[in-house]
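K.L.:
Here it is: the structure, laid out below.
Taken together, the values in this text are just the output of simple stated rules run on the coordinates, not laboratory data. Note that the structure is a prediction, hence the values are computed from the model and not measured. Glycine also receives a Cβ, built like all others from the backbone with ideal geometry; neighbour counts cover every protein chain displayed.
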Amino acid sequence: MNILLQVGYLLTAILFILGVMRLRSPATARSGNLIAASGMVIAFIVTVIRYHSFSWGLIGLTLILGAIAGTYAAKKVRMTAMPQMVALFNGMGGGAASLVSIGELHSNWVHGISSPGASISALLTVLIGSLSFTGSLLAFAKLQEWVSGRPITFGGQKLFNGILLLIAVVLGIYMSVSGGRQDFTLLTIYVILAAVLGFLVVLPIGGADMPVVISLLNAFTGLAAAATGFLLANNVLIIAGALVGASGTILTQQMSRAMNRPIQNIIFGAFGKVASGAPGAVGESDGVVQTANVEDVATILAYARNVVIVPGYGLAVARAQQEVRQLMEKLSERGVNVRFGIHPVAGRMPGHMNVLLAEADVPYDSLYEMDAINPQFPQTDVVLVIGANDVTNPAARNQPGSPLYGMPILNVDQAQRVIVLKRGMNPGFAGIDNPLYTNPKTSMLFGDAKSSLSQIIRALDEV
């Protein structure tokens, strides 16, 4: 039986690895998700067989409730809310790892079988898991706009956080070398410190950095799961945790590079605290917003040769991905070369725009990453920007006083003509004004993106 259990865990690990590998491309992501889910089903079955001293009724009830919640989330949560759901699910993972370690540590202390090594592994998991849990919940609240997306700071905040971390480390070391019943009160204090620390670490981080923070917290959750695997001598947990931790770390590094900001600046920089409109050169701008109507936009697009569509969060909010695909098809029928320029941090999570466009069956070979599309903007007749504010803001190139300064952007202002679909002149998620909107070559079409695109498609038939 033990051999069969180990084979089951090995098969689970293989399926996890294959699933993650297939998540690298939108074309194979669906099958990758199914493969990884199959691995999880096998892991659950093997675990139930291995640990059979529990209530089958409770396990069944938990399965039913989890299946209902997961199915509801998959069907009802909109793509615009995916970052919030990812943050919430990630927090649940961190919290689960922390609870498992607390239970194992408590059991070891009660039975007097604790060792410094096991205690260190358990307490490290509790620290990381609890921090990830509360940090992810606050990230969820900020993205859901239950809490202000602006950085929330107070005097001596970094010093205070450092003191809390130091106290937690000292408590952890003490409990690791002592053990025993007398540490249960200290364990409770330790858990509270870790939870408060997770909350306070995310509190001063602005909403624009939430995707990076979620990715980093996801890496923390992976580390917590791996540490739990060492504690329980469970190879699947170690492998799964290592996969999540490594992928989360790599993704965090890639996103920070895409924003040209080091991780420590994101965590400690209180991005977004600087007021918008800081003085400094912003490139060519006459300060006048030029508006266009639907017929004007349709005419401009119809007679263009090369068009680049830049999707952003406004596209996701309007749920206009099907209209974008229809517009692409209409223009392609006229012989217009249509491509999509995708910024790595467009939207509120990595790959947000890729998933939206894939949902509308936009061909993968029409999607160009930032580094591939930027050299082509000078030869582009028209760029159609749909709600992508911060990732097209030229202040990132030439306004040293802007918090966006230094972040690589899509150089849409180098095209011959720019058309921006936007509800109004409000700044983007970073809270920074965009001088692109007052550039003489830019025309603004105000309104809901879905409605505007539908009207443009109809107007093309009249051109």
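K.L.:
What's the extension gain from His111 to Ala73 if we count 0.36 nm per residue and subtract their Cα-Cα distance?
P.N.:
Once the chain is fully extended between His111 and Ala73, it gains 9.6 nm.
K.L.:
For region 198-245, just say rounded, prolate or oblate: build the C-alpha gyration tensor, square-root its eigenvalues into a ≥ b ≥ c, call rounded for a/c under 1.5, and beyond that prolate if a/b exceeds b/c, oblate if not.
P.N.:
Since a/c reaches 1.5 but b/c is at least a/b, the shape of region 198-245 is classed as oblate.
K.L.:
Could you work out how much longer the chain between Asn235 and Thr185 gets when fully extended? Use 0.36 nm per residue separation minus the Cα distance between them, nm to one decimal.
P.N.:
Between Asn235 and Thr185, full extension yields 14.9 nm more.
K.L.:
What percent does the relative contact order of region 294-460 come to when contacts are Cα pairs within less than 8 Å and at least six residues apart?
P.N.:
About 29 percent, as a whole number.
K.L.:
Search the structure for amide H atoms under 5 Å from the amide H of Gln290, placed 1.01 Å from N in the peptide plane, and list their residues when 5 or more places away or on another chain.
P.N.:
Met444
K.L.:
Between Ile14 and Thr28, what length comes free when the chain is fully extended (0.36 nm per residue of separation minus the Cα-Cα distance, one decimal in nm)?
P.N.:
Using 0.36 nm per residue and subtracting the Cα-Cα distance, I get 3.4 nm.
K.L.:
Expressed as a rounded percentage, what relative contact order does the chain have, with Cα pairs under 8 Å and six or more residues apart?
P.N.:
Reported relative contact order: 14 percent.
K.L.:
Which residues make up the longest stretch of the chain clear of GluC sites (Glu not before Pro) that lie in a DSSP loop with no more than 14 other Cβ atoms within 10 Å, not counting the sites?
P.N.:
285-461
K.L.:
Checking the table Lys330/Lys441; Lys158/Lys450; Lys142/Lys441; Lys158/Lys422; Lys75/Lys441 against a 32 Å threshold on Cα-Cα, which pairs fail?
P.N.:
Beyond 32 Å: Lys158/Lys450; Lys142/Lys441; Lys158/Lys422; Lys75/Lys441.
K.L.:
Okay, helix-only estimate at 222 nm for the chain: each DSSP H run of n ≥ 4 adds -39500 (n - 2.57), divide by all residues, round to 500 deg cm²/dmol; what do you get?
P.N.:
Helix-only estimate at 222 nm: -19500 deg cm²/dmol.
K.L.:
Still on this structure, I have one more. Pairs of alpha-carbon atoms within less than 8 angstrom and 6+ residues apart define the contacts here; what relative contact order does region 79-268 have, in percent?
P.N.:
Relative CO of region 79-268 lands at 28 percent.
K.L.:
Report the label-to-label distance for Asn293 and Trp146 in nanometres (one decimal), using points 7 Å from each Cα along the Cα→Cβ vector.
P.N.:
Result for the modelled spin labels: 4.6 nm.
K.L.:
Quick one: if you stick a label point 7 Å off each Cα along the C-beta vector at Val41 and Arg334, how many nm between them?
P.N.:
Between Val41 and Arg334, the label points sit 4.9 nm apart.
K.L.:
Once whole DSSP H runs in the chain are found, which of them have Cα atoms spread over 24 Å or more along the helix axis and a mean Kyte-Doolittle score of at least -1.0?
P.N.:
TM-like helix candidates: 2-22, 26-50, 56-76, 82-110, 116-143, 157-178, 184-202, 210-232, 235-258.
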